[in-house]
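Working notes, structure below.
The values are calculated or read from the model by the stated rules, or taken from the named source; none is laboratory data. In this text the structure is predicted, and so the values were computed from the model without any measurement. Glycine also receives a Cβ, built like all others from the backbone with ideal geometry; neighbour counts cover every protein chain displayed.
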Amino acid sequence: MLRHLRRSDAAGFSGLLERHFPEENRLLGMRPAEFEHIVHRAFRWDFRLIVGLLRLFGRRIFELFVVEVDDHIAATAFVVYLPKAGYIGTVMVDDPYRRRGYAAKVVTACIENAGRAGRPYAILDVLTTNDPARRLYEKLGFRELQVGRFYVREMGPSDARFSAAPDGANIRAFHRRDAQELVRIAMGALRPDVAEVTPVEAGDFTSADFAAQVLLSETEAWVIGPPGRPRGFVRATASPAMAAANLTCPVLDPTVSEGDAQQLVERALGWVQARGAPRVVTEIKGAPPRAEATLRAAGFVPSIELRTLYRGTAG
Ligand SMILES: CC(C)(COP(=O)(O)OP(=O)(O)OC[C@H]1O[C@@H](n2cnc3c(N)ncnc32)[C@H](O)[C@@H]1OP(=O)(O)O)[C@@H](O)C(=O)NCCC(=O)NCCS
């Protein structure tokens with residue numbers, strides 16, 4: 001039976017995640033008990049009310065499906081509604097239920113729902129080394145959009161300098177009115193086919209607070225440049241569900257000096273250090289050479305490679 005995730009599924013769902021995403025869990029340092037607590041909390045009445053109201057106004061945020069077999073969660077997948085695409089994630093099938101078509105079933109449900117929600121595309125990320133999943137998606141008609149990679153930076157005692165990092169003259173806190181200009185800079189760096197499927201929108205910069213509230217995480221963002229005329233952006237997030245903190249891939253206008261770019265990233269690393277995270281993870285897609293060089297210079301090293309795949313939701 002295909003249905004939505006329920007509050008009572010939290011423990012089973014978290015257990016499946018722990019067993020079936022070992023590489024990502026090692027990288028991110030997943031904390032199952034905290035994760036389970038967050039899933040429970042996401043079913044709280046006030047969050048349900050907001051999600052319900054948004055749906056009433058035609059704005060769907062996400063759906064999480066499970067396939068239940070004999071009172072057991074056999075398969076799961078979520079779909080998050082981005083402007084042009086349904087982003088599909090946590091596709092997993094528990095061992096005893098594999099090769100029975102459950103993954104195909106739950107992914108197809110996500111694609112169909114994305115289509116019904118008016119999204120012309122479905123997209124997802126898969127590790128390059130994950131042959132079974134790549135075969136599954138190929139069979140379902142997905143094609144490659146771009147290659148990405150996680151970058152990791154271990155935080156250590158020698159990083160004490162970050163805690164004293166001053167407010168650089170050019171670095172300041174992000175403000176909502178910076179969003180439009182950042183959209184322009186970020187879109188300018190995308191290949192046209194990538195921009196068609198995953199366009200950047202103001203909400204990518206401004207809506208992190210609601211997500212952080214649901215996920216019980218802390219988040220903060222910084223920019224380079226005067227108010228309303230930002231030239232660079234980065235956001236850091238720390239969640240109790242994971243040991244590793246997250247940095248967004250820095251958005252950098254070509255006019256930004258390498259010194260300013262470094263200060264921006266160091267500012268975020270200082271914030272991460274103050275929260276005691278042992279590691280920071282960021283994901284770079286489509287290999288923008290500028291951001292990659294800046295992250296490497298700040299001590300990040302390449303880790304797992306992944307591929308973003310896409311297909312149309314019609315037919
Ligand atoms: C990948 C995964 C979701 C597949 O689940 P599944 O229910 O076994 O997949 P399905 O039965 O729906 O398979 C549909 C098709 O995918 C392909 N496929 C699935 N598993 C495969 C495997 N181990 N080897 C080769 N092809 C495979 C086949 O083409 C299959 O069709 P067929 O059985 O008629 O040959 C499952 O192995 C899993 O949970 N893995 C761990 C978590 C994970 O990696 N998730 C993907 C994250 S992107």
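Would region 117-126 turn up any residue that is over 17 Å from Tyr81 (Cβ atoms), without any contact (Cβ under 8 Å) to a residue 40 or more places away in the chain and within 8 Å of the ligand (Cβ to nearest atom)?
At the first step, the residues of region 117-126 found to be over 17 Å from Tyr81 (Cβ atoms) are 126.
Okay, now just the ones that are also without any contact (Cβ under 8 Å) to a residue 40 or more places away in the chain, so none.
No; the residues of region 117-126 include none that is over 17 Å from Tyr81 (Cβ atoms), without any contact (Cβ under 8 Å) to a residue 40 or more places away in the chain and within 8 Å of the ligand (Cβ to nearest atom).
Those residues that are within 19 Å of Lys139 (Cα to Cα) and away from the ligand (no atom under 14 Å from the Cβ), I need them from region 68-112; list them, please.
Gly86, Glu112
Quick one: what pairs do we get from region 62-77, first residue aromatic (Phe, Trp, Tyr), second more than 15 Å from the ligand (Cβ to nearest atom) and part of a strand (DSSP E or B), C-beta under 8 Å, 6+ apart or different chains?
What qualifies is Phe62/Tyr81; Phe65/Arg3; Phe65/His4.
Among residues belonging to region 20-32 that are in a helix (DSSP H, G or I) and touching a helix residue (DSSP H, G or I) at 6+ places or on another chain (Cβ under 8 Å), point out the one that is modelled with the highest pLDDT.
Here is the first cut: in region 20-32, the ones in a helix (DSSP H, G or I) are 20, 22-28, 32.
Remaining after also requiring touching a helix residue (DSSP H, G or I) at 6+ places or on another chain (Cβ under 8 Å): 25, 32.
On the way: Asn25: 88, Pro32: 82.
Taking the candidates together, the pick is Asn25.
Quick check on my filter: what residues within region 8-44 are charged (D, E, K, R) and either in contact with a strand residue (DSSP E or B) (Cβ under 7 Å, 6 or more places away or on another chain) or over 18 Å from Ala77 (Cβ atoms) (or both)? Steps first, please.
Of region 8-44, the ones charged (D, E, K, R) are 9, 18-19, 23-24, 26, 31, 34, 36, 41, 44.
Answer for region 8-44, where residues must be charged (D, E, K, R) and either in contact with a strand residue (DSSP E or B) (Cβ under 7 Å, 6 or more places away or on another chain) or over 18 Å from Ala77 (Cβ atoms) (or both): Asp9, Glu18, Glu23, Arg26, Arg31, Glu34, Glu36, Arg41, Arg44.
What's the number of the only condition in (1) touching a residue at least 60 places away in the same chain (Cβ under 8 Å); (2) among the aliphatic types (A, V, I, L, M); (3) in a loop (DSSP other than H, G, I, E, B); (4) in contact with a helix residue (DSSP H, G or I) (Cβ under 8 Å, 6 or more places away or on another chain) that Leu190 fails to meet?
Condition (4) is where Leu190 drops out.
Only one residue in Ala117, Ala77 is within 27 Å of Pro199 (Cβ to Cβ) and in contact with a Cys (Cβ under 7 Å, 6 or more places away or on another chain), so which one is that?
Values: Ala117 fails: in contact with a Cys (Cβ under 7 Å, 6 or more places away or on another chain).
None of the other options fit; the residue is Ala77.
For region 266-281, which positions are hydrophobic (A, V, I, L, M, F, W, C), in contact with a strand residue (DSSP E or B) (Cβ under 6 Å, 6 or more places away or on another chain) and more than 18 Å from Arg149 (Cα to Cα)? Show your work before the answer.
Quick first cut of region 266-281, residues hydrophobic (A, V, I, L, M, F, W, C) only: 268-269, 271-272, 274, 277, 280-281.
After this cut, where a residue has to be in contact with a strand residue (DSSP E or B) (Cβ under 6 Å, 6 or more places away or on another chain) as well, the list is 268, 271-272, 277, 280-281.
Passing the criteria: Ala268, Trp271, Val272, Ala277.
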